[in-house]
Amino acid sequence: MNDKPFTIAGKTFHSRLIVGTGKYPSHAVMKQCHEISGAELVTVAVRRLDLKAKGEDSLLHWIDSSKLQLLPNTAGCYTADDAIRTCRLAEELGLSKWVKLEVLGDEKTLYPDVEETLKAARVLVKEGFTVLPYTSDDVITARKLADLGCAVVMPLASPIGSGLGIRNPHNIRLILETVKVPVIVDAGVGTASDAAIAMELGIDGILMNTAIAQAKEPVRMARAMKLAVDAGREAFLAGRIPMKAYASASSPLTGLVGQ
């Protein structure tokens, strides 16, 4: 079946699943999860990166740069200035000029501060960064980020690490109708069915970390998420039947013998 390619800023990816690097039981488990997930883009929290670590003690040692593109993120930043500084540091370290922009506004919910996010995005886009911003599921903010030149918009499904799945599918649909850049759902996915439901909305990709890293069996969950993302995309392309209030026989009742 034909499908449009998953392309971000002119680069095409085969996998629509993006994964993270935090909260895993070990670096070795993380690497296994990356491999079985089929992901090609992986986020790394710059502010939590131990730059003094060497060899196997270094997180970067366990990331296969020949297969995975790094996406430094600004996790832990609460102001635009901090986020901008973190992105510039990532570039200086040679990590990437692609960045996941995350500017938080509240320590309890970890919801984004959309005003600070827009402020940071404006500066980073002008400096030539490829910006992938984490944002609320607000269609107006999504449109503003796209208009600023962000490569994608990444509305949350539900709070980071909550595992609540898609809380407001209607808003995600509105964002899909409004922006012309890829839409990637970020945060809140808890299990494979959440991922499939998200993909069935028609989003271009999905980013997750906790759902895999803190599963009882992370490697098995990574495989489940890969299958769920693929299945959800196929279901979207196939087109589901309309929902009805009453039954509709699988076999027509007209034309039966004896009628």
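The values are calculated or read from the model by the stated rules, or taken from the named source; none is laboratory data. If you're wondering where the values come from, they're calculated on a predicted model, not measured in any experiment. All Cβ positions, even for glycine, are placed from backbone atoms using ideal geometry, and neighbour counts span all protein chains on display. The area values use the complete protein model at the heavy-atom level, side chains included, leaving out ligands, DNA and RNA. Shrake-Rupley method; radii C 1.70, N 1.55, O 1.52, S 1.80 Å.
Can you go through Ala195, Ala213 and tell me which one is of a type in the set (A, V, I, L, M) and touching a Ser or Thr at 6+ places or on another chain (Cβ under 9 Å)?
Sole residue among the options that is of a type in the set (A, V, I, L, M) and touching a Ser or Thr at 6+ places or on another chain (Cβ under 9 Å): Ala213.
For the structure I just gave you, tell me whether Glu200 is open to solvent by 10 Å² or more (accessible area, probe 1.4 Å), farther than 22 Å from Ser26 by Cβ and over 14 Å from the mean Cα position of the chain (by Cα).
When the stated conditions are applied, Glu200 passes them.
Considering only residues that are touching a Leu at 6+ places or on another chain (Cβ under 7 Å) and of a type outside the set (A, V, I, L, M, F, W, C), look in the stretch 171-204 and name the one that is nearest to Val131 (Cα to Cα).
The extreme case among them is Asp186.
Only residues that are under 23 Å from Ala211 (Cα atoms), among the hydrophobic types (A, V, I, L, M, F, W, C) and open to solvent by less than 10 Å² (accessible area, probe 1.4 Å): list them for the stretch 163-186, please.
Ile172, Val183, Ile184, Val185
Report yes if Ser96 is part of a loop (DSSP other than H, G, I, E, B), within 30 Å of Ala224 (Cα to Cα) and at pLDDT 95 or above, otherwise no.
Here the answer is no, as Ser96 does not meet what is asked.
Sort out for me the strands (runs of 3 or more DSSP E) sitting completely within the stretch 1-93 that have 2 or more residues that are buried (at least 22 other Cβ atoms within 10 Å of the Cβ) and either among the small types (Gly, Ala, Ser) or in contact (Cβ under 8 Å) with a residue 12 or more places away in the chain (or both).
Hits in the stretch 1-93: 17-19, 41-45, 69-73.
Within the stretch 209-220, which residues are buried (at least 22 other Cβ atoms within 10 Å of the Cβ) and free of Cβ contacts under 8 Å to residues at least 60 places away in the same chain?
Ala211
Only one of these conditions is not met by Ile206: (1) in contact with a Phe, Trp or Tyr (Cβ under 8 Å, 6 or more places away or on another chain); (2) open to solvent by less than 20 Å² (accessible area, probe 1.4 Å). Which number is it?
With (1) in contact with a Phe, Trp or Tyr (Cβ under 8 Å, 6 or more places away or on another chain); (2) open to solvent by less than 20 Å² (accessible area, probe 1.4 Å) applied to Ile206, the lone miss is (1).
Given the residues Ser66, Ser158, which is the only one that is touching a Gly at 6+ places or on another chain (Cβ under 6 Å), small (Gly, Ala, Ser) and modelled with pLDDT under 95?
Ser158
Quick one: how many residues across the stretch 78-98 are closer than 16 Å to Leu124 by Cβ and touching a Leu at 6+ places or on another chain (Cβ under 7 Å)?
Qualifying residue count, the stretch 78-98: 6.
Restricting the first residue to the stretch 235-251 and requiring it to be within 20 Å of Ser193 (Cα to Cα) and in contact (Cβ under 8 Å) with a residue 24 or more places away in the chain, which pairs with a second residue that is of a type outside the set (Gly, Ala, Ser) and surrounded by 10 or more Cβ atoms within 10 Å (Cβ to Cβ) meet a Cβ separation below 7 Å and a spacing of at least six or different chains?
From residues that are within 20 Å of Ser193 (Cα to Cα) and in contact (Cβ under 8 Å) with a residue 24 or more places away in the chain, the pairs are Ala235/Glu200; Phe236/Met199; Phe236/Glu200; Leu237/Asp3.
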